[in-house]
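The values are calculated or read from the model by the stated rules, or taken from the named source; none is laboratory data. Since the model is a prediction, treat every value here as computed from it, not as a measurement. Positions of Cβ are generated from backbone atoms using ideal geometry, with glycine treated the same way; all protein chains shown enter the neighbour counts. What goes into the accessible areas is simple: the full protein's heavy atoms, side chains included, and nothing from ligands, DNA or RNA. Shrake-Rupley method; radii C 1.70, N 1.55, O 1.52, S 1.80 Å.
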Amino acid sequence: MLDAYQESLLIFFGINLIAAFSFYLPFKTGQVSLGQAGFMGVGAYAAGIITTKLGLNFPLGLFTSAIVAGIVGLMVGFPALRIKGIYLLLLTLGFGQIVQVVALTWDYTGAHNGFQSIPKQKDVIYYIYGVLVFIIMFFWRLERSSLGRAMVAIHTDEDAAEVMGIDIVRIKLFAFSVGAAFAGMAGCLFAHMTTYVDSLTFGILLAVNILMFVVVGGGSTFIGPIVGTTVLYFLPETLRTLREWMELVPIEWTESSELLTQGYDWLYEFLDFENEKRWIAYALILILMMIWRPQGLVSRDQLKRLGRRFVGAKS
Amino acid sequence: MSAAAAPILELHGITKMFGGFTALSDVHFSVEEKVIHAVIGPNGAGKTTLFNVISGMFGAEGGSLAFKGQAIDRIKPHQRANMGIARTFQNIRLFEDLSVLENVQVSQHGRHFRTIWSAVSQAIFHAPFSKGSQEIEMEDYAMELLEFLGIAHARNTNAADLAFGERRLVEIARALAANPAIMLLDEPAAGMNPAETENLDEILTRLRDEKNITILLVEHDMNLVMGLSDYVTVLNFGEKIAEGKPDEVQNDPDVIAAYLGTDEEL
Ligand SMILES: Nc1ncnc2c1ncn2[C@@H]1O[C@H](COP(=O)(O)OP(=O)(O)OP(=O)(O)O)[C@@H](O)[C@H]1O
Ligand SMILES: [Mg+2]
């Protein structure tokens, strides 16, 4: 079956995807949050207290992480209702920083020493993919429902949606809070994989990464975050394997001429993607992708057209 | 219309300021049920602002509003919509990423799902591959409205991809889907060609006579207004300067003066 490396790749991919979905739900109602890493932190610490401090079981920890992060999400969501765009970014960013400060100073959970010896959950991968199946089914249904349409309407034109009878306050709060609950679960799963978290684990870089998953993949269908997370998560790994592909070229081919040998050596040297270069390449690909498809790699429109082509024109 | 019936909408001294600028000044009038009531006036008279106040997008600095005899000043925009006040926008504001059918369905949402929980449970708690009876009912009704307006053929087209005249009709369909008692139509004929305008004339007449909907109509096309309306209120610089039957208003010296020097014809 899977070796340890492959398994850990799949585990962190799954956690990242849950985090991406946690960003995607409020984003559907036009709310752009840089607080999802913070909600992961809330979930990680809440679950850590349940399992490590109270010695209760992991499923209860997972459940608690969703509930606590969801409630905190509701509290952050209220002030978030009144503000938009860059100010909402700042508010959620500030929230993330508050979480970090609490983690850094709260003695009960280890303060600056970090939250240590969280029990490792051996079968965490099953929980991760179980949560993902649940979340994907949720979005699958949502995007075919009246509530889903209302969310797109709010995203497009909040004031127009409101005079069409949509209760934008409730729907935005719902999206923000449930999104936070998803992030809380991602944090809990992460903590019980790594067994250690501290104030730096859930920082701004993670928050931006989560945002990128959705922006690169596309924010108009739940397929977007899946594609975005897949591309961005596996891209650095793929770059690393380019050299291995080169090594498959038979040596006799390159030895046939001096020029080829030199070219091969130069390319081999160039593809040294173990270090910083990997991240530079990653950044370049990101920029190119945003120029090529600023609306994201997949869109709802594209999928609808594809669907019609294959299924035929249904009413 | 019978004189005894209570007005469906009453405006008492509505005043709306933007900074130091008075966009509406002490505007009083009533709208009788099941009539087409036009609000006219030169550019910048405050007609759209009036609609924004009635639909709740703007709060007013003074005065009060009553809908079916009940004060609605403190009622939120989405609740006003669900009580039966629907509107269209002068500068078309469709949900561009949604299809025509979906645009119309959006304004059925509030009426079908009073609470967030009913909306959530409709969304997630039923068989994954079926639409569910409620969804089918909503779709059927939306299709009925699209057929009524003659745009059923465009149901799967994205709102962004429609011709201008059709976009105006989708605005009307979307307002209708909320099952309104009164519709506020902000220049529905703007940008329409004569044939489209004629079609619109017929649609508005049918809305009043067959669907018993009261229409508050802002429109610059005077042929349409004078031919269609039962009653006309005239605004100028945020003040009501006249009201009455179309022919009374057309011959009112204040109204003629207000339009003098504008490029519009009464
Ligand atoms: N949001 C706003 N902020 C500031 N001023 C506004 C705002 N909305 C409208 N106004 C001003 O209020 C006045 C009335 O505008 P309004 O749009 O209601 O006019 P109107 O009668 O609808 O005109 P038109 O026939 O051109 O649509 C105008 O002078 C306009 O500049
Ligand atoms: Mg106007």
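Observations, loosely collected:
- Enumeration of residues in segment B:26-49 that are away from ligand 2 (no atom under 16 Å from the Cβ) and either among the β-branched types (Val, Ile, Thr) or touching a helix residue (DSSP H, G or I) at 6+ places or on another chain (Cβ under 9 Å) (or both): B:31, B:34, B:35, B:36
- Count of segment B:214-227 residues which are more than 16 Å from ligand 1 (Cβ to nearest atom) and either open to solvent by less than 10 Å² (accessible area, probe 1.4 Å) or within 14 Å of another protein chain (Cβ to nearest Cβ) (or both): 2
- Contact annotation: residue pairs with Cβ atoms under 8 Å, 6 or more positions apart or on different chains, pairing a residue in segment B:230-257 that is more than 14 Å from chain A (Cβ to nearest Cβ) and open to solvent by 90 Å² or more (accessible area, probe 1.4 Å) with a partner that is within 16 Å of ligand 2 (Cβ to nearest atom) and part of a loop (DSSP other than H, G, I, E, B), are B:237/B:44; B:237/B:45; B:237/B:46.
- The residues in segment A:106-124 that are surrounded by fewer than 18 Cβ atoms within 10 Å (Cβ to Cβ) and part of a helix (DSSP H, G or I) can be counted, and the count is 5.
- Members of segment B:104-132 that are touching a residue at least 24 places away in the same chain (Cβ under 8 Å) and facing chain A (nearest Cβ under 8 Å): B:105, B:106, B:107, B:108, B:110, B:111, B:112
- Counted residues, segment A:179-212 - those being farther than 21 Å from residue A:77 by Cβ and hydrophobic (A, V, I, L, M, F, W, C): 8
- Restricting segment B:172-204 to residues that are open to solvent by 40 Å² or more (accessible area, probe 1.4 Å) and under 18 Å from residue B:231 (Cα atoms), the residue that is nearest to ligand 2 (Cβ to nearest atom): B:201
- The C-beta contact set for segment A:143-162 (first residue among the hydrophobic types (A, V, I, L, M, F, W, C), second residue open to solvent by 10 Å² or more (accessible area, probe 1.4 Å) and not in a helix (DSSP H, G or I), distance under 7 angstrom, 6+ apart or interchain) comprises A:152/B:97; A:154/A:30; A:160/B:93.
- Among residues of segment B:69-103, those that are within 16 Å of ligand 1 (Cβ to nearest atom), facing chain A (nearest Cβ under 7 Å) and open to solvent by 10 Å² or more (accessible area, probe 1.4 Å), counted: 2
- Condition check for residue A:9: surrounded by fewer than 22 Cβ atoms within 10 Å (Cβ to Cβ) and not in a helix (DSSP H, G or I): no
- Criterion: open to solvent by less than 20 Å² (accessible area, probe 1.4 Å), in a helix (DSSP H, G or I) and closer than 19 Å to residue A:98 by Cα - qualifying residue of A:207, A:175, A:160: A:207
- Test: residue in segment A:34-47 that is open to solvent by 30 Å² or more (accessible area, probe 1.4 Å) and assigned by TED's automatic domain parsing to the domain that holds residue A:186: no
- For segment B:48-68, filtering for residues that are open to solvent by less than 10 Å² (accessible area, probe 1.4 Å), within 12 Å of ligand 1 (Cβ to nearest atom) and without any contact (Cβ under 8 Å) to a residue 60 or more places away in the chain leaves 1.
- Residue A:134 meets the conditions (1) within 7 Å of another protein chain (Cβ to nearest Cβ); (2) open to solvent by 40 Å² or more (accessible area, probe 1.4 Å) in every case but one. The failed one is (1).
- Within segment B:151-165, the set of residues being closer than 24 Å to residue B:213 by Cα and crowded, with 20+ Cβ neighbours inside 10 Å comprises just one member, B:151.
- Test for residue B:160: is it touching a residue at least 12 places away in the same chain (Cβ under 8 Å), over 22 Å from residue B:42 (Cβ atoms), more than 16 Å from ligand 1 (Cβ to nearest atom) and among the small types (Gly, Ala, Ser): yes
- Of the criteria (1) within 16 Å of ligand 2 (Cβ to nearest atom); (2) over 18 Å from residue B:180 (Cα atoms); (3) in a loop (DSSP other than H, G, I, E, B), which one residue B:89 fails: (2)
- Options B:222, B:226; residue that is more than 28 Å from residue B:101 (Cα to Cα), modelled with pLDDT under 95 and within 16 Å of ligand 2 (Cβ to nearest atom): B:222
- The residue that is nearest to the chain's Cα centre (by Cα), among those in segment B:31-47 that are crowded, with 18+ Cβ neighbours inside 10 Å and within 8 Å of ligand 1 (Cβ to nearest atom), is B:47.
- Pairing each residue of segment A:1-16 that is in contact (Cβ under 8 Å) with a residue 60 or more places away in the chain with any residue that is open to solvent by 30 Å² or more (accessible area, probe 1.4 Å) and not in a helix (DSSP H, G or I), provided the two are 6+ apart or on different chains, yields C-beta distances under 8 Å for A:10/A:2.
So that you can scan it fast, the table gives a plain yes or no per residue for (1) modelled with pLDDT of 95 or more; (2) away from chain B (no Cβ under 11 Å):
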residue	(1), (2)
A:117	no, yes
A:124	no, yes
A:127	yes, yes
A:130	yes, yes
A:141	no, no
A:162	yes, no
